[in-house]
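Undergrad: Here it is, the structure, as structure tokens.
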Amino acid sequence: MTVRTRFAPSPTGVLHLGSVRTALFCWLYARHCGGQFVLRIEDTDRQRSTPENVDAIVDGMAWLGLDADEGPFFQTERFDRYRAITEQWLDEGKAYRCYCTKEELDELRAGQKERGEKMRYDGRCRQRSEPCKAGDSVVRFKNPLDGDVVVDDLVRGRVVFSNAELDDLVIARSDGTPTYNFSVIVDDHDMKISHVIRGDDHLNNTPRQMNLLAALGAPPPAYAHLPMILGADGAKLSKRHGAVDIRDYREQGYLPEAVLNYLVRLGWSHGDQEVFSIEEMIRLFDVADVNQSASSFNPEKLLWLNQQHIISAPATRLSEALITHFEQAGLAPQDGPDLKDLADGFRERAETLTQMVSNARYCYEDFDEIDPKGAKKNLRPVILEPLKAVRERFASLSEWSKEAIGQSIEEVAASFGLNMGKLGQPIRVAVTGGTVSPPIDVTVSLVGRERTLERLDKGIRLIEARAQAHEN
RNA sequence: GCUCCCUUCGUCUAGCGGUUAGGACGCUGCCCUCUCACGGCGGUAACAGGGGUUCGAAUCCCCUAGGGAGUACCA
């Protein structure tokens, strides 16, 4: 049997961390098994579905690299198919029209609630024989009255539901459109889905769907219900924690492989391993290894993983991802060093790509002012002559390389009886305007000769002015 | 209310009858060091509670508590 999984989001919201985790597990399992992954947009709720949300889903999946083998399919394009089955079931007596009004149903539920009973439709229209003329009607499925439905869940184990707990659910609204549980099973069957991998919140729907599938004469797929992801405070994932558009993570400088790596470790593990490449995830992941308890979103760990992936990513990969962040920062890559060199110089000190760009700003743009504290501490008269000497050495270097630069600094420092720290930090402050940067040889080489000389001159003038002010 | 699911350090997790309960994030001490990082070596901190079963329970069973989901003409 070939494994076919599907990710079936509803475009009533954007693609967020929770839905991405579900998508990831579906995708990984399909890839792991050499099967297919299909994307299906469940847009039967026409009031709340929007084209913007469809874009958010499709774009988000593309950024993450969660490519579908089939789809996206849209349920709104399959209404004829659902209607045909509804009609057939009506003919076969597997479903019936229900004319109950909203008021009638509210009253029914209120009474049940008062008596402490389970709130459920009592099937009062089941026996109605005459094609009751008046008003709107919905179509309800005749759920079996007794017996059990057994779900052999891949992560949950065996879960048994009693049909007595289930009621006759609506499968077609009064406007003729299908409802969720119904369209899902028709599609899963038509699309030959072998494994339904979805959020825990659907476990309760599963017995209903299995009954529906049985009415269709279709064997049920394998089910795997994933534990939910909660917010950092243990409450339901909301805008406060991470239920934001997944594309925001791209904007904030996260690498998709880091996001996926973070997510795969929520509910799944492989020994002590924390960092996984996409290939490793595919090779090692199995839905049977997923655990059963909900987990909380931890932004710090995501950040750490992002840095780990930044550190290990090929420079070309980073340079491509960096471009959009330059635009965001109002910087032009051609105004400074090659992005690959930049990435190599800065990768160890950036948790995000946006951080990297902001840390490297002085490589692409001049700064107005030197950090006052750094200047006060490092640009002092004692360092004036060494700085001048370094400036001259830099000016006469035949080759502008990290090695040549480093050697120059070392030699000048030695000739003045200084250690690296005494000379390196003043250079850093003069050249970057701040006290933090990559190793000084790397920094200087990235800033470039022209800028370095200008900035050293500026620093030298500053010290001279200071010395003079001191004398007066 | 009813049905279903879940419960190991603050967080993510390992564990699948016998372990000094392991790893990771975070926090923290030290080392490395031209700054900041990265990295290395340590530290902090957990089996929700109560009953069983067993020679022996984090591991198996039951109860309680807590958390979550569903109970729609939402998905």
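Undergrad: Inspect the range A:440-450 for any residue being under 30 Å from A:Ile323 (Cα atoms), acidic (Asp, Glu) and away from RNA strand B (no atom under 14 Å from the Cβ) and give the result as yes or no.
TA: yes
Undergrad: Okay, next question. Being of a type outside the set (A, V, I, L, M, F, W, C), exposed (fewer than 15 other Cβ atoms within 10 Å of the Cβ), away from RNA strand B (no atom under 11 Å from the Cβ) and not in a loop (DSSP other than H, G, I, E, B) narrows it down to one of A:Asp80, A:Asp67, so name that one.
TA: A:Asp80
Undergrad: Just name the residue that is farthest from RNA strand B (Cβ to nearest atom) out of those in the range A:83-108 that are closer than 26 Å to A:Phe7 by Cβ and surrounded by 19 or more Cβ atoms within 10 Å (Cβ to Cβ).
TA: My answer is A:Ile85.
Undergrad: Moving to a separate point now. Go through the residues of the range A:162-171 one by one and say whether even a single one is in contact with a Leu (Cβ under 8 Å, 6 or more places away or on another chain) and at pLDDT below 90.
TA: Within the range A:162-171, not a single residue is in contact with a Leu (Cβ under 8 Å, 6 or more places away or on another chain) and at pLDDT below 90.
Undergrad: Quick check: is even one residue across the range A:415-429 in a helix (DSSP H, G or I) and away from RNA strand B (no atom under 15 Å from the Cβ)?
TA: yes
Undergrad: Can you name the condition, by its number, that A:Arg455 falls short on among (1) among the basic types (Lys, Arg); (2) more than 10 Å from RNA strand B (Cβ to nearest atom); (3) surrounded by fewer than 20 Cβ atoms within 10 Å (Cβ to Cβ)?
TA: The one condition A:Arg455 does not meet is (3).
Undergrad: Moving to a separate point now. Give the residues of the range A:260-311 that are surrounded by 13 or more Cβ atoms within 10 Å (Cβ to Cβ), within 19 Å of A:His225 (Cα to Cα) and among the polar types (S, T, N, Q), sorted by residue number.
TA: A:Ser269, A:Asn291, A:Gln292, A:Ser295, A:Ser296
Undergrad: Can you list residue pairs whose Cβ atoms sit under 7 Å apart, with the first residue in the range A:43-54 being hydrophobic (A, V, I, L, M, F, W, C) and the second being within 11 Å of RNA strand B (Cβ to nearest atom)? Count only pairs 6 or more apart in sequence or on different chains.
TA: A:Val54/A:Pro11; A:Val54/A:Ile41
Undergrad: Out of all the residues in the range A:401-444, which are charged (D, E, K, R) and within 18 Å of A:Phe367 (Cβ to Cβ)?
TA: Within the range A:401-444, just A:Arg428 meets the criteria.
Undergrad: Go through the range A:383-400 and report how many residues are more than 23 Å from A:Asp366 (Cβ to Cβ) and not acidic (Asp, Glu).
TA: 4
Undergrad: For the range A:297-364, which helices (runs of 4 or more DSSP H) that fit wholly inside it have 2 or more residues that are away from RNA strand B (no atom under 16 Å from the Cβ)?
TA: A:315-329, A:339-346
Yes or no, residue by residue, for (1) at pLDDT below 95; (2) touching a helix residue (DSSP H, G or I) at 6+ places or on another chain (Cβ under 6 Å):
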| site | (1), (2) |
| --- | --- |
| A:Gly242 | yes, yes |
| A:Val259 | no, yes |
| A:Glu274 | no, no |
| A:Glu280 | no, no |
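Undergrad: Would it be correct to say that A:Gln47 is surrounded by fewer than 16 Cβ atoms within 10 Å (Cβ to Cβ), farther than 23 Å from A:Thr5 by Cα, of a type in the set (S, T, N, Q) and in contact with a strand residue (DSSP E or B) (Cβ under 9 Å, 6 or more places away or on another chain)?
TA: no
Undergrad: Can you name every residue in the range A:105-122 that is modelled with pLDDT of 85 or more and assigned to a loop (DSSP other than H, G, I, E, B)?
TA: A:Arg120, A:Tyr121, A:Asp122
Undergrad: Evaluate the following for A:Ile383: is it in a loop (DSSP other than H, G, I, E, B), over 30 Å from the mean Cα position of the chain (by Cα) and assigned by TED's automatic domain parsing to the domain that holds A:Phe416?
TA: No.
Undergrad: Oh, and also: Can you name the strands (runs of 3 or more DSSP E) wholly within the range A:158-277 that have at least 3 residues being touching a residue at least 12 places away in the same chain (Cβ under 8 Å) and more than 9 Å from RNA strand B (Cβ to nearest atom)?
TA: Once the strands (runs of 3 or more DSSP E) in the range A:158-277 are filtered for at least 3 residues that are touching a residue at least 12 places away in the same chain (Cβ under 8 Å) and more than 9 Å from RNA strand B (Cβ to nearest atom), what remains is A:195-199, A:222-226.
Undergrad: Among the numbered criteria (1) in contact with a Gly (Cβ under 6 Å, 6 or more places away or on another chain); (2) under 30 Å from A:Met420 (Cα atoms), which one does A:Thr354 miss?
TA: Going through (1) in contact with a Gly (Cβ under 6 Å, 6 or more places away or on another chain); (2) under 30 Å from A:Met420 (Cα atoms) one by one, A:Thr354 breaks only (2).
Undergrad: Only one of (1) within 14 Å of RNA strand B (Cβ to nearest atom); (2) within 30 Å of A:Leu284 (Cβ to Cβ); (3) surrounded by fewer than 17 Cβ atoms within 10 Å (Cβ to Cβ) fails for A:Ser19. Which number is that?
TA: (3)
The values are calculated or read from the model by the stated rules, or taken from the named source; none is laboratory data. None of these values were measured; they are calculated from a predicted model. Glycine also receives a Cβ, built like all others from the backbone with ideal geometry; neighbour counts cover every protein chain displayed.
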